[in-house]
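Trainee: Encoded as structure tokens, here's the structure I'll be asking about.
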Amino acid sequence: MEKENKQRLIRIILSAVLLAAAFTVDKLLSLPLWASLIMFLVPYLVAGYDVLLEAGENIIHFDFFDEDFLMALATVGALAIGFIPGAKPQFAEAVFVMLFFQVGEFFEDLAEDKARESVTTLMDLQPGIVHLDGETVTDVNAEDVPTGSVIIVKPGERIPLDGVVVEGKSSLDTRALTGESVPLDVKENEKVVSGCVNMSGVLKIRTSSVLSESTAARILDLVENAAEKKSKSESFIRKFARYYTPAVVIGALILAFIPPIISGDFAASFAKWLYRALTFLIVSCPCALVVSVPLSFFGGIGKASENGILIKGSNYMDMLANTTAVVFDKTGTLTQGVFQVSEAKCFGCEEKELLFLAASAEKFSTHPIAQSLSQAYNVYGEQLSSSVSEVEEAAGLGVKANVDGKTVLAGNVSLMEKFGVDYTACDKSGTVVYVAMDGVFMGYILISDRVKTDIVKAIEKIKQQGVLSTVMLTGDKEEISRQVASELGIDSYFAELLPTDKVEKIESVIAENESGAVVFVGDGINDAPVLKRADVGVAMGSMGSEAAIEAADVVIMDDNLSKLSTAISISRRTIGIAKQNIFFAITVKLCVLALSAVGLAPLSLAVFADVGVLVLAVVNAMRALK
């Protein structure tokens with residue numbers, strides 16, 4: 001595209017110089033009409049040969065009504081009008097119209113290139129060559145690397161395939177994927193995704209995907225296919241142009257022939273009305289609308305991708321801009337999705353000892369609660385080295401075990417009551433593990449899924465943008481859900497839901513918000529049906545399941561929920577710019593069309609109403625990138 005722009009610019013400059021020379025010679029010398037025509041044809045063809053070829057090709061395919069056809073018809077007519085008896089030649093005007101049209105095309109291409117820059121940076125996400133580890137290191141094409149291979153990524157190189165680090169540690173630049181400027185530290189046994197740049201140490205990575213299924217490939221596919229889903233504004237413009245252009249051509253023919261026939265002196269007045277018809281044609285070209293509106297949306301999608309937000313189509317920008325309700329999944333979206341010890345209340349012992357007893361009793365369990373107890377004890381820098389025996393699990397109650405010769409109970413209230421332990425109850429929401437040793441109550445440990453740190457501010461931003469309702473859907477218990485909703489300032493919640501229940505609830509929210517769009521934000525496999533059912537489904541890309549990401553309409557790559565408000569802001573700004581262009585272009589064109597019909601609009605004003613409006617609309621559309 002850059003080469004084409006340079007060639008177009010050279011043609012514009014050359015044509016302008018030739019036009020100035022032809023105009024000067026024509027004024028100084030009294031040339032025959034045919035000689036003047038030949039002289040002006042040179043800059044005309046330099047500027048517009050491609051337009052004429054495209055128009056001719058369209059005529060062959062019976063596709064008459066596009067901007068190339070209109071421009072060719074108007075300018076050829078302007079060149080021919082001088083040969084009508086009594087008419088004034090319009091050779092210079094015809095060349096000027098074609099030249100200015102090419103100037104408009106040049107600015108359009110520049111704007112498209114600028115909009116594409118924010119998206120085409122993604123095209124570098126996939127390196128072509130991969131260092132495959134083995135007896136010797138060999139360089140192979142990325143598409144030839146099977147799943148399970150070990151690859152080497154050196155400092156400064158981009159990770160080509162998703163996988164797990166098997167050797168080495170480093171910091172990764174994730175800006176191309178997430179928009180996040182802070183490097184991500186990784187080490188052995190941690191997952192990495194394609195598209196990130198390795199900043200420091202050498203990494204050996206065991207691949208978990210082939211190239212076509214990698215994160216980078218999926219991102220590229222999402223962005224490339226986004227343009228296929230048209231917004232309401234774009235669909236309106238396409239339909240408008242489909243009917244508007246033929247109507248204008250018919251109108252121009254009527255304007256050229258009917259008034260001269262009615263006047264009774266066709267030969268004397270035909271040139272005047274043909275000139276008006278040609279002016280009418282130039283003004284009517286809908287390229288300002290057809291170009292600037294899609295360009296606005298392309299720029300908006302590009303700007304969102306710069307911020308780590310993938311919007312899969314401009315139609316979703318329409319709905320994001322009209323968001324009135326946001327529905328959240330809880331676990332993994334509003335919370336971290338990881339059980340952690342949030343409080344340890346001790347009675348007659350130290351916190352370290354309480355955690356030691358509970359973790360030891362649960363030592364052989366693979367339950368997430370047992371793992372969270374072990375992790376909490378590891379904070380003290382010590383490994384669990386207790387002697388545990390006689391482990392008895394009581395279904396739904398907890399566990400009884402011999403820890404270093406002492407009988408330890410770790411479980412819920414019912415376990416304490418079963419063994420007659422006098423305990424102090426915990427009234428906080430979450431999972432509570434009560435601990436007793438040799439029949440004496442030692443304390444309780446509260447385990448909960450912690451709320452993400454940025455959620456409160458994210459929800460506040462969303463409400464400041466005019467979102468009227470925030471709702472939380474979760475399969476978690478009622479009391480836990482109530483506390484999370486209250487803590488985050490969420491307007492309403494529905495707890496203890498199955499995946500099918502979530503679909504029913506989202507439908508009820510949609511029914512209550514008929515005037516606006518309902519956005520659902522989730523990350524789990526069970527969220528996929530709800531993501532599809534909502535007006536706009538938003539998936540948290542980094543931690544989200546593949547099913548959720550595929551089902552979603554918008555993907556937030558770094559799990560930063562505050563970017564939802566960014567997506568809404570970008571969408572509203574983009575829609576605003578598109579509407580400005582529609583109003584401006586239609587208003588100017590209607591005014592000049594009316595003037596041209598009564599003979600008050602010269603070709604120069606017609607050119608402004610067409611190409612000038614196009615340039616201004618394109619420049620305005622570029623604001624979507626800011």
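Trainee: Scan the range 557-594 for residues that are more than 29 Å from the chain's Cα centre (by Cα) and farther than 24 Å from Val618 by Cβ and jot them down.
Mentor: The answer is Ala594, and nothing else.
Trainee: Consider the range 1-38. How many of its residues are in contact (Cβ under 8 Å) with a residue 40 or more places away in the chain and in a helix (DSSP H, G or I)?
Mentor: Step one: filter the range 1-38 for residues in contact (Cβ under 8 Å) with a residue 40 or more places away in the chain, giving 1-2, 4-5, 8-9, 11-12, 15-16, 19, 22-23, 26, 33, 36-37.
So of that shortlist, the ones also in a helix (DSSP H, G or I) come out as 2, 4-5, 8-9, 11-12, 15-16, 19, 22-23, 26, 33, 36-37.
Selection size over the range 1-38: 16.
Trainee: Taking interchain pairs and intrachain pairs at least six residues apart, which have beta carbon atoms under 8 angstrom, with the first residue in the range 399-412 and under 11 Å from Lys363 (Cα atoms) and assigned to a strand (DSSP E or B) and the second open to solvent by 50 Å² or more (accessible area, probe 1.4 Å) and not small (Gly, Ala, Ser)?
Mentor: Hits for this filter: Val399/Val391; Val399/Glu392; Val399/Glu393; Ala401/Lys363; Ala401/Glu390; Ala401/Val391; Ala401/Glu392; Ala401/Thr407.
Trainee: Of the residues Ala425, Ala436, which is small (Gly, Ala, Ser), touching a Leu at 6+ places or on another chain (Cβ under 7 Å) and outside any helix (DSSP H, G or I)?
Mentor: On the way: Ala425 fails: touching a Leu at 6+ places or on another chain (Cβ under 7 Å).
Checking each option against the conditions leaves just Ala436.
Trainee: Would you check which residues across the range 271-290 are open to solvent by less than 20 Å² (accessible area, probe 1.4 Å) and of a type in the set (A, V, I, L, M, F, W, C) and list them?
Mentor: Let us first name the residues in the range 271-290 that are open to solvent by less than 20 Å² (accessible area, probe 1.4 Å), namely 271, 277-279, 281-289.
Scanning the range 271-290 gives Ala271, Ala277, Leu278, Leu281, Ile282, Val283, Cys285, Cys287, Ala288, Leu289.
Trainee: Continuing with this model, one more query. Kindly indicate the residue of the range 322-346 that is charged (D, E, K, R) and open to solvent by 40 Å² or more (accessible area, probe 1.4 Å) and also farthest from Ala552 (Cα to Cα) among those meeting that condition.
Mentor: Here is the first cut: in the range 322-346, the residues charged (D, E, K, R) are 329-330, 343, 345.
Adding the requirement that they be open to solvent by 40 Å² or more (accessible area, probe 1.4 Å) leaves 343, 345.
Values: Glu343: 36, Lys345: 42 Å.
Across the range 322-346, the extreme among qualifying residues is Lys345.
Trainee: I've got another one for you. For the range 435-458, enumerate the residues that are open to solvent by less than 10 Å² (accessible area, probe 1.4 Å) and closer than 22 Å to Val327 by Cα.
Mentor: Residues satisfying the conditions are Ile455, Ala458.
Trainee: Of all the helices (runs of 4 or more DSSP H) wholly in the range 444-518, which have at least 2 residues that are among the charged types (D, E, K, R) and closer than 30 Å to Leu409 by Cα? I'd like the intermediate steps shown before the answer.
Mentor: Details: elements: 455-464, 478-488, 499-512.
Correct list: 478-488.
Trainee: Could you tell me how many of the residues in the range 459-499 are within 30 Å of the chain's Cα centre (by Cα), surrounded by fewer than 19 Cβ atoms within 10 Å (Cβ to Cβ) and of a type in the set (Gly, Ala, Ser)?
Mentor: 5
Trainee: Further, regarding this structure: Within the range 306-321, is there a residue that is farther than 19 Å from Gly516 by Cβ, open to solvent by 20 Å² or more (accessible area, probe 1.4 Å) and over 20 Å from the mean Cα position of the chain (by Cα)?
Mentor: First pass over the range 306-321, keeping only residues farther than 19 Å from Gly516 by Cβ: 306-310, 312.
After this cut, where a residue has to be open to solvent by 20 Å² or more (accessible area, probe 1.4 Å) as well, the list is 306-307.
Next, from what is left, pick out any that are over 20 Å from the mean Cα position of the chain (by Cα): none.
Scanning the range 306-321 turns up no residue that is farther than 19 Å from Gly516 by Cβ, open to solvent by 20 Å² or more (accessible area, probe 1.4 Å) and over 20 Å from the mean Cα position of the chain (by Cα).
The values are calculated or read from the model by the stated rules, or taken from the named source; none is laboratory data. Since we're looking at a predicted model, the values are computed, not measured. Don't worry about glycine lacking a Cβ; one is built from the backbone with ideal geometry, like all the others, and counts go over all protein chains shown. Side chains are part of the model used for accessible areas, which takes the heavy atoms of the whole protein and leaves out ligands, DNA and RNA. Shrake-Rupley method; radii C 1.70, N 1.55, O 1.52, S 1.80 Å.
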